[in-house]
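What follows is a set of notes on a single structure, which appears directly below.
The values are calculated or read from the model by the stated rules, or taken from the named source; none is laboratory data. Here the structure is a predicted model, which means the values were calculated and not measured. Ideal geometry is used to build each Cβ from the backbone, glycine not excepted, and the neighbour counts take in all protein chains shown. The protein model used for the area step is the full one, side chains on, heavy atoms only, and it has no ligands, DNA or RNA in it. Shrake-Rupley method; radii C 1.70, N 1.55, O 1.52, S 1.80 Å.
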Amino acid sequence: MSDSPALTPGAEPSAQPGAETSAQPGAQPGVDHELIEAAAEVARTRSRGELHTMAAAARAADGRVITAVNAYHFTGGPCAELVLVGSAAARGVYDLDTIVAVGDRDRGVVPPCGRCRQFLFDYFPDLKVIVGAGDRLRTVRISALLPETYVWADHQ
C-alpha cells in the first residue's frame with residue numbers, strides 16, 4: 001500500500017490544511033466543511049446496520065484527510081474517532097489538526113463521547129473538534145470539551 005494521499009484508501013489530498021470548501025453556502029468561518037462531508041460520505045456508504053453507525057474524519061497536519069468507522073461490539077467496541085487514530089498511525093500520520101464525527105442515517109455531526117474526549121486530549125492536546133449542528137457548527141479545542149480534565153501526562 002502506498003503512502004501517497006491520493007492512493008491510500010481513507011486518505012484524501014487537500015490543497016490547504018483546514019481549508020473550507022466554497023461549495024457550502026453560508027459556511028461558518030473556521031469550520032472545515034470538507035472534513036464534515038468526508039465523514040458524512042463514509043457514514044452514508046460504509047455504515048452497516050448496528051455494527052458501523054458512526055464515521056469520523058480528521059485532517060492531518062500535512063493536509064491529508066483520514067477517515068474511519070466505529071466497530072460496535074457489546075463489550076465496548078471502539079468509536080470511530082479511536083479507529084481513526086489507529087488508521088492514521090498505520091499510514092504514518094501522527095499529528096492531527098482537526099477531527100469530526102458524523103452519524104449514519106443523516107444524523108449529522110455528533111460530538112465525541114467522554115472516553116473519546118479524554119483519549120483525544122491525551123494524544124493530541126491541541127486538537128480541534130467540530131461540534132454543533134446546522135448554523136451552530138463550530139470548531140473548538142478538545143480541551144474546551146473537558147473542563148477541569150485529568151491530564152494523564154502530569155501523572156507519569
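Results, tabulated for the structure shown:
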read-out: Sites Asp122 and Leu51 - FRET efficiency at Förster radius 35 Å, r taken between beta-carbons, to 0.05; value: 0.85
read-out: Protection-proxy order for peptides 101-107, 82-88, each taking the mean of Cβ atoms within 10 Å per residue, highest first; value: 82-88, 101-107
read-out: Accessible area per residue, Å², region 26-71 with all protein chains present, probe 1.4 Å; value: 40
read-out: Distance in nm between pseudo-label sites at Ala133 and Glu41 (7 Å out along the Cβ direction from Cα); value: 2.5
read-out: Inter-label distance, nm, simple model (7 Å from Cα along the C-beta direction), Asp62/Gln156; value: 2.3
read-out: For peptides 117-125, 45-53, sequence by mean Cβ density within 10 Å, most packed first; value: 117-125, 45-53
